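Engineer: One structure coming up, written as structure tokens, with questions to follow.
The values are calculated or read from the model by the stated rules, or taken from the named source; none is laboratory data. On a predicted model such as this, the values are computed, not experimentally measured, just so you know. All Cβ positions, glycine included, derive from the backbone under ideal geometry; neighbour counts span all protein chains shown. Note: accessible area is taken over every heavy atom of the protein model, side chains too, but ligands, DNA and RNA are not part of it. Shrake-Rupley method; radii C 1.70, N 1.55, O 1.52, S 1.80 Å.
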Amino acid sequence: MECYDRPDLWDLAFSDETVFEADFLQAIATKWLGTDRPTVLETGCGGGRQTVELARRGLSVTAFDLNPSCVRHTQRQLRRRGLTAGVHTADMTDFRFPQTFDLAHCLVNTFRHLTSEQAARSHLQSAAAALRPGGLYVLGFHLLPPDAAEDDCERWTIRSGRRRVTVTVRVLDFNRRTRLETVRFSLKADLPTGIIRLRSDHVLRIYRADQFRRLLASVPEFELLSVHDFCYEPDNCLPLNDQLGDAVFVLRRC
């Protein structure tokens, strides 16, 4: 089974970030929009942990994902908690909604699944079209500093009650020329009912700071307001340079 076939376990693996991300989104909305209750669009919502959290806070949330299992899981989680949000199946490179939003977001490297310049540009153009003038797009993913190691491996464990999930992320292949890397996600879940092992290999696009600048320049619908890192500190603005690795960009719809 692939990791995305069990969105409940995949979301648990990242659950310690959920509150920090939601706090950051509301703080950014307060700073730039003057409200901590914006209408929200989540692109590539996965198992819906952020959709559920923002809906729990009383925000009006719409979300979509290409994986029907993730969409169904998100809808179930909302129903279980008595919450309301619109959750749809859609493609990140071409999505349309009848209404516009105050704020959209795409965090934790989902953007890097778009492996070509055209796909990335189409995504940003769709995101801009989904926002009202002056609306914000919060986009988070890893940049590659020029001196970064190519053979990387990361592992962490999350516990929740009687469940324990360990995720290992390992780079299998890396090519600076094509700007593509193959990353293996391995998940081991120790559950009261037994052990589950999942594994997925994904091709992700590589971005240096200058490469992302060029992409942004090709989408004049957006202007870059501020840059942050995965500490999610809204008042700590960082330069977009080769020292930045974990990047969160706040873009404004012109």
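Engineer: Go through region 216-221 residue by residue and turn each phi into a ³J(HN,Hα) via Karplus (6.51, -1.76, 1.60, θ = phi - 60°); whole Hz please, and just put x for glycine and proline.
Structural biologist: Each residue of region 216-221 in turn: 4, 5, 8, 10, x, 5 Hz.
Engineer: With each pseudo-label sitting 7 Å past Cα toward Cβ, what's the residue 217-residue 118 distance in nm, one decimal?
Structural biologist: Inter-label distance under the simple model: 2.2 nm.
Engineer: Okay, next question. Where nothing but the Cβ of Lys and Arg (+1) and of Asp and Glu (-1) is charged, how large is the charge dipole of the chain around its Cα centre, in debye to the nearest 20? Let's see the in-between values first.
Structural biologist: On the way: 34 positive and 33 negative charges, 180 e Å.
Around 860 debye, computed over the chain.
Engineer: Each label point is 7 Å from the Cα along the Cα-to-Cβ direction; what then is the distance between the points at residue 177 and residue 164, in nm?
Structural biologist: Placing both labels 7 Å along Cα→Cβ, they lie 4.5 nm apart.
Engineer: Can you work out ³J(HN,Hα) from phi for every residue in region 237-246, in order, using Karplus 6.51 cos²θ - 1.76 cosθ + 1.60 and θ = phi - 60°, giving whole Hz and x for Gly and Pro?
Structural biologist: 8, 10, x, 8, 9, 6, 8, 7, x, 7
Engineer: Quick one: grab the alpha carbon gyration tensor of region 141-254, order the square roots of its eigenvalues as a ≥ b ≥ c, and give me rounded if a/c is under 1.5, else prolate or oblate depending on whether a/b is larger than b/c.
Structural biologist: Values: a/c = 2.50, a/b = 1.66, b/c = 1.51.
Prolate, because a/c is 1.5 or more and a/b exceeds b/c.
Engineer: Here's another thing I want to ask about it. Stick to Cα atoms and the Kirkwood definition of Rh, then tell me Rg/Rh for region 18-166. Working shown, then result.
Structural biologist: On the way: Rg = 16.1 Å, Rh = 16.5 Å.
When Rh is taken as the Kirkwood radius, the ratio is 0.98.
Engineer: Could you tell me which of 192, 129, 3 has its Cα farthest along the dipole of the chain towards the positive end, charges placed at Cβ (Lys, Arg +1; Asp, Glu -1), taken about the Cα centre?
Structural biologist: 192
Engineer: If you take the charge dipole of the chain about its Cα centre, with +1 on Lys and Arg Cβ and -1 on Asp and Glu Cβ, which of 25, 224, 209 is farthest toward its positive end?
Structural biologist: It is 25.
Engineer: With Kirkwood radius over Cα pairs in Å in mind, check (i) 18.2; (ii) 18.7; (iii) 27.0 and report the label derived from this structure.
Structural biologist: Recomputing Kirkwood radius over Cα pairs in Å here picks out (ii).
Engineer: Which trypsin sites (Lys or Arg not before Pro) in region 60-135 pass both tests, a DSSP loop state and at most 14 other beta-carbon atoms within 10 Å? Let's see the in-between values first.
Structural biologist: Numbers: sites: 72, 76, 79, 80, 81, 96, 112, 121; in loops: 96.
Answer in residue order: 96.
Engineer: Turning to a different aspect of this structure: Tell me, what ³J(HN,Hα) does each residue in region 121-136 have, in order and in whole Hz, if you take phi through Karplus 6.51 cos²θ - 1.76 cosθ + 1.60 with θ = phi - 60° and put x for Gly and Pro?
Structural biologist: 5, 4, 4, 5, 5, 5, 5, 4, 5, 7, 9, 6, x, x, x, 10
Engineer: Please name whichever of 145, 157, 118 sits farthest to the positive end of the charge dipole of region 111-158, dipole taken about the Cα centre and charges placed at Cβ: Lys and Arg +1, Asp and Glu -1.
Structural biologist: Projecting each Cα onto the dipole axis, the largest value belongs to 118.
Engineer: Let me ask something additional. Give me, ordered by chain and number, the residues 5 or more places off residue 225 or on other chains with an amide H under 5 Å from its own placed amide H.
Structural biologist: Amide H to amide H, under 5 Å and 5 or more residues apart or across chains, residue 225 pairs with 250, 251, 252.
Engineer: Still on this model: Can you tell me the accessible area per residue over the chain, all protein chains present, probe 1.4 angstrom, in square angstrom?
Structural biologist: Working: 11790 Å² over 254 residues.
Accessible area per residue: 46 Å².
Engineer: Same structure, new question: Between 25, 143, 66, where does the largest GNM mean-square fluctuation fall for the chain, given springs only between Cα atoms within less than 10 Å?
Structural biologist: Fluctuation is largest for 66.
Engineer: Given the rule -39500 (n - 2.57) for each run of at least 4 DSSP H residues, summed and divided by the residues of the chain, what is its mean residue ellipticity at 222 nm, to the nearest 500 deg cm²/dmol? Mind dumping the intermediate values first?
Structural biologist: Working: 6 runs with 68 residues, N = 254.
Theoretical 222 nm ellipticity from helices: -8000 deg cm²/dmol.
Engineer: What does the net charge come to around residue 23 if you take all other residues with beta carbon closer than 11 Å to its beta carbon, with K and R at +1 and D and E at -1?
Structural biologist: Values: positive: 57; negative: 17, 21, 36, 53, 233.
So the environment of residue 23 carries a net charge of -4.
Engineer: Percent of accessible area on region 149-191 owned by carbon and sulfur, 1.4 Å probe?
Structural biologist: Numbers: 1080 of 2710 Å².
After summing per-atom areas, the C and S share lands at 40 percent.
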